[in-house]
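Right, one structure below, let's go through it.
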Amino acid sequence: MKNLECIRAKSEWELPRSALEENAYDVGLIDGCHGWPTAFIDLYYIYYMLRSDGFLIIDDINLHSIRELQIF
């Protein structure tokens, strides 16, 4: 069992690959490119990879393009 997995890669290439593995994660972190639509692409794939009771951490919500991801 893995306790922590850190993947350092371009999310637009790595997340689709990781999503195909059908792993369910407890925590997802969006902290990368701040331009639109990259953050939304990250959200799209991470949504399918998180467990139903998982946590999503979004960095830099003070930026307009990221603030649009904010979930209430």
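The values are calculated or read from the model by the stated rules, or taken from the named source; none is laboratory data. The model shown is predicted, which means the values in this text are computed figures rather than measured ones. For neighbour counting, all protein chains shown are included, and Cβ atoms are generated from backbone atoms with ideal geometry for every residue, glycine included. Surface areas here come from the heavy atoms of the whole protein model, side chains and all, with no ligands, DNA or RNA. Shrake-Rupley method; radii C 1.70, N 1.55, O 1.52, S 1.80 Å.
Per-structure values
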| item | result |
| --- | --- |
| Output for the stretch 16-39, where each listed residue is exposed (fewer than 13 other Cβ atoms within 10 Å of the Cβ), within 13 Å of the chain's Cα centre (by Cα) and among the acidic types (Asp, Glu) | Asp26 |
| Ser65 vs. criteria of a type in the set (Gly, Ala, Ser), open to solvent by 50 Å² or more (accessible area, probe 1.4 Å) and either out of contact with any Asp or Glu (no Cβ under 8 Å at 6 or more places or on another chain) or free of Cβ contacts under 8 Å to residues at least 60 places away in the same chain (or both) | no |
| Filter result for Trp13 (in contact with a Ser or Thr (Cβ under 8 Å, 6 or more places away or on another chain), open to solvent by 70 Å² or more (accessible area, probe 1.4 Å) and without any contact (Cβ under 8 Å) to a residue 40 or more places away in the chain) | no |
